[in-house]
Amino acid sequence: MNNKTDVNTGASKVDATSGSSLIDNHEEVVKSPWPGPKGMIPVTDGKADDANVHNRAYLDSILVEMRLIDSVKPDLTTEIFGRKYASPLTLAAVSHLNKVLDDKTRKPMQEKARAAKNMNVLNWIGMESNEEYTEIVKEGGDTVRIVKPFADHDKIIGELQLAEKLGAVAVGMDIDHVAGSDGNYDVVDGIPLGPITFNDLEKYVHSVNVPFVAKGVLSVRDAVKARDAGAQAIVVSHHHGRVPFGVPPLKVLPEIKKALRGSGMTIFADGSLMTGYDAYKALALGADAVLIGRGILSELLKDGQKATEDKIKKLNQQLSQMMLYTGIKDTKSFDSSVLHFE
């Protein structure tokens, strides 16, 4: 299976948040609301197997009660990997955005990195060549680099160690990006991916001296295995619906939080978090911080850095509003008992 993508013609779909190249197996065309070549940023198809549909429905089913007496304007300051940031909202590990636009004078990956730095939030970077990654991080602040589970283990370790050398605050892997849509190991930009054993994960964790993040954890089983392998953080996620009929990340988040209690692991969450209100629900259910991808992607690709900064500001305002409505004074005080499930 060769999924090498022509991003200029849109001949195949590429997930900009993962770098995954996805070939359509049918003639149906889904009109994307996003800027850039057709199919560059996939949208949900609304079918029963689309995990994003179930995820959105679950998020929208969570309601919030008011607790206003003695409530004060909250402090959004958040500590992640021993560093303080202005908010628990972080910018998700997107990929290949510098290839998306017709205007080649723009570099959205660098614009995103600069926006994160200016807003003092943590930035994540997905699949990029070492050369591209090096150029992107020159213009940004604190970064987490996420690599793919390549079949070539030396390539994995090389990318992790380069990120550490260039100052990444943490590194990690998309552990959920193993299977392709044809039931074989996936292929991204012509590069074969492979399985991840527990021993493999231990090896990757110990190949660097910065925190390691297992991204794409959607079960207590994998959360515990990641912990036992030495990972210092996980992202509870189904990677924009990679798994058909995937359980909503926030549905399994409380169980994962309970299983990891006392471990000291940082728990991130993502998946359909489009507003500060969505982020609030993830934080109330046990996430230490969240990843925002598609929530800023339209602004980033259409209007660039300033629009991205404005969107981050708006998301923070929404989060602060909801915290003020529910008596949450800071990011260490979230309380899931404020949530009600329809």
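Scan the stretch 312-322 for residues that are buried (at least 16 other Cβ atoms within 10 Å of the Cβ) and either over 11 Å from residue 279 (Cα atoms) or under 19 Å from the mean Cα position of the chain (by Cα) (or both) and report the count.
So the count comes out to 4.
Output the residue which, of all residues in the stretch 165-216 that are under 15 Å from residue 148 (Cα atoms) and among the acidic types (Asp, Glu), is surrounded by the most Cβ atoms within 10 Å (Cβ to Cβ).
174
Here is a list of conditions, (1) assigned to a loop (DSSP other than H, G, I, E, B); (2) surrounded by fewer than 18 Cβ atoms within 10 Å (Cβ to Cβ); (3) in contact (Cβ under 8 Å) with a residue 40 or more places away in the chain, and residue 332 meets all of them except one; can you say which number that is?
Evaluating residue 332 over (1) assigned to a loop (DSSP other than H, G, I, E, B); (2) surrounded by fewer than 18 Cβ atoms within 10 Å (Cβ to Cβ); (3) in contact (Cβ under 8 Å) with a residue 40 or more places away in the chain leaves (3) as the failure.
For the stretch 47-65, check the following and say yes or no: at least one residue is part of a helix (DSSP H, G or I), in contact (Cβ under 8 Å) with a residue 60 or more places away in the chain and aromatic (Phe, Trp, Tyr).
Yes: one or more hits.
With respect to the numbered conditions (1) in a loop (DSSP other than H, G, I, E, B); (2) of a type outside the set (Phe, Trp, Tyr); (3) touching a strand residue (DSSP E or B) at 6+ places or on another chain (Cβ under 8 Å); (4) without any contact (Cβ under 8 Å) to a residue 40 or more places away in the chain, which one is the sole condition not fulfilled by residue 79?
(1)
Looking only at the stretch 60-105, how many residues end up being of a type in the set (D, E, K, R) and within 25 Å of residue 214 (Cα to Cα)?
The number of residues fulfilling the criteria is 3.
Restricting to the stretch 97-115, and then to whatever is free of Cβ contacts under 8 Å to residues at least 40 places away in the same chain and among the hydrophobic types (A, V, I, L, M, F, W, C), can you tell me which residue is surrounded by the fewest Cβ atoms within 10 Å (Cβ to Cβ)?
Checking each candidate, the answer is 113.
Just to be sure I understand the filter: pairs with C-beta atoms under 6 Å, separated by 6 or more residues or on different chains, first member in the stretch 118-144 and closer than 12 Å to residue 167 by Cβ and small (Gly, Ala, Ser), second member at pLDDT 95 or above and assigned to a strand (DSSP E or B). Which pairs pass?
Between residues of the stretch 118-144 that are closer than 12 Å to residue 167 by Cβ and small (Gly, Ala, Ser) and residues that are at pLDDT 95 or above and assigned to a strand (DSSP E or B), the close pairs are 140/123.
As an exercise: evaluate residue 272 against (1) at pLDDT 95 or above; (2) in a loop (DSSP other than H, G, I, E, B) and give the number of the one condition it does not meet.
(1)
Can you tell me how many residues in the stretch 217-252 are part of a loop (DSSP other than H, G, I, E, B) and of a type in the set (Lys, Arg)?
Of the residues in that region, 1 qualify.
In the set 147, 169, which member is under 30 Å from residue 199 (Cα atoms), aliphatic (A, V, I, L, M), touching a residue at least 60 places away in the same chain (Cβ under 8 Å) and in contact with an Asp or Glu (Cβ under 7 Å, 6 or more places away or on another chain)?
169
Please indicate, with yes or no, whether at least one residue in the stretch 248-267 is crowded, with 19+ Cβ neighbours inside 10 Å, in contact with a helix residue (DSSP H, G or I) (Cβ under 9 Å, 6 or more places away or on another chain) and on the phi > 0 side of the Ramachandran plot.
No, the conditions are met nowhere in the stretch 248-267.
Suppose we filter the stretch 128-149 for residues that are within 19 Å of the chain's Cα centre (by Cα) and either more than 15 Å from residue 191 (Cβ to Cβ) or crowded, with 20+ Cβ neighbours inside 10 Å (or both); how many remain?
Narrowing the stretch 128-149 to residues within 19 Å of the chain's Cα centre (by Cα): 128-129, 133, 136-137, 140-149.
Keeping just the survivors that are either more than 15 Å from residue 191 (Cβ to Cβ) or crowded, with 20+ Cβ neighbours inside 10 Å (or both) gives 128, 133, 136-137, 140-149.
The qualifying residues number 14.
Whether any residue in the stretch 187-196 is of a type in the set (Asp, Glu) and more than 27 Å from residue 82 (Cα to Cα) is what I want to check.
Within the stretch 187-196 (the criterion being of a type in the set (Asp, Glu) and more than 27 Å from residue 82 (Cα to Cα)), the answer is yes, since at least one residue qualifies.
The values are calculated or read from the model by the stated rules, or taken from the named source; none is laboratory data. From a predicted model like this one, the values you see are computed outputs, not experimental measurements. With ideal geometry, Cβ positions are generated from the backbone for all residues, glycine too; neighbour counts draw on all protein chains shown.
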